[in-house]
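The values are calculated or read from the model by the stated rules, or taken from the named source; none is laboratory data. For clarity, every value in this text was computed on a predicted model and none was experimentally measured. Protein only, heavy atoms only, side chains kept; ligands, DNA and RNA dropped before computing areas. Shrake-Rupley method; radii C 1.70, N 1.55, O 1.52, S 1.80 Å.
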Amino acid sequence: MPAQQRRRRQAVEDYEDEDAQHQLPHSPDNVDEDGDEHMGEAEQRDETSQLIKNLVRYALACEYSRTPIRRDGIREKVLGSNGREFKKVFAGAQRQLRATFGMEMIELPTKDRSLMTTDQKRKAARTQSQKEASSNAYILTSVLPEEYTTPAIITPSKVESADGEASYIALYTTIIAIITLSGGELSDPRLRRHLSRLNAAENMPSMNPHDDTSPSEKTEVVLQRMVKQGYLIRVTESRSTGDDDATTWYVGPRGKVEVDREVVAAFVRTVYGGSSDELETKLQASLKIRDRKPGVLETGEEEAGEAPLDGDPGPSNRRRSRRRQTEAEDEESG
């Protein structure tokens, strides 16, 4: 074979060898590495999805017992070693709660400094950071439209019995309304007088009034439960020797969220059997709620877009704003 032809064939073989080397990244070994990477991403998504489901279950369990959903509890009982995933898991749980249960987690207000003892104020001052104070505790609230929040649709839950739950809701709503309309605080003797008029000075319905063995409970036991669950705050000040301690009642953080000023106003209208110009004037002066014409439904006010006097958008407008925010988040995630 001529030398020139051999050199040409050698050049072609060298070119093919070089081309094969460039194709090495597509070898089976590299394909396996890409597959492992995609598998790792899928496992991460599955783990996050499971954490979201666990947080939803944890939130529902806490609400069942009226226990605050605390950030520390989420990290300890839900996230474990995945503490850095808090924001992602929390946002995913919010989306599932809204879409499936018509609820969402809302942060409880912080404790009023005026209700703290001297030691508590000193401790709060030492631990206070530059950022805005946060309670790091949440409860579940409904985000359903106003027309779906009627008693005919949302009936009392059957924790022990529906009647017992309805009685308990009525009792703490009444007490919170009285405290709110009294300027935000109520002395213990005045509270006892109000309870006496309601025939509840000594006993109140139990959580299961159909139970023949315990159809009622001591009033003090029920009030203590309301304090424990965050509906009420009881502050006792020690007096000088020989004088009785002074006890004052306030609305607790859960009570402020569940029974806000708009709920108190609706409760008063129900007690009075409707609305009137005189009643609405008194409610606006006492509660600083938005103007409401007698006989006009709440849904009509929402369409009019009227704002409350104190700048609070009110529960209906807050729900509508949260629904718009949820839709925007779903579009972004989609």
Query raised in the report: Once amide H atoms are built 1.01 Å from N in the peptide plane, which residues 5 or more positions from residue 275, or in another chain, come under 5 Å H to H?
Result: 295
Report summary line: Pairs over 25 Å Cα to Cα, from 111/158; 53/158; 111/228, come to 111/158
Requested in this report: Would you please give the residues with an amide H less than 5 Å from that of residue 251, counting only those at least 5 places away or on a separate chain, with H modeled from the backbone geometry?
Outcome: 233
Report task. Quote the accessible area belonging to residue 236 in square angstrom, nearest 10, computed with a 1.4 Å probe and with ligands, DNA and RNA left uncounted. Result -> 80
Report summary line: Rounded to the nearest 10 Å², the 1.4 Å probe accessible area of residue 65 is 60
**Report entry** Ranking by accessible area, most exposed first, for 155, 270, 149 with a 1.4 Å probe
**Finding:** 270, 155, 149
**Report entry** Accessible area in the full protein assembly, largest first, 1.4 Å probe, for 248, 110
**Finding:** 110, 248
Report summary line: In whole Hz, the Karplus estimates of ³J(HN,Hα) for region 63-78 (6.51, -1.76, 1.60; θ = phi - 60°; x where Gly or Pro) are 5, 4, 9, 6, 9, x, 8, 8, 4, 4, x, 5, 5, 7, 9, 10
**Report entry** Gained length - residue 61 relative to residue 82, 0.36 nm times residue gap less alpha-carbon distance
**Finding:** 5.5 nm
Query raised in the report: Using the Karplus equation 6.51 cos²θ - 1.76 cosθ + 1.60 (θ = phi - 60°), what ³J(HN,Hα) coupling, rounded to whole Hz, does each residue of region 207-223 give in order, writing x for Gly and Pro?
Result: 5, 9, x, 7, 6, 5, 6, 8, x, 9, 10, 5, 4, 4, 5, 5, 4
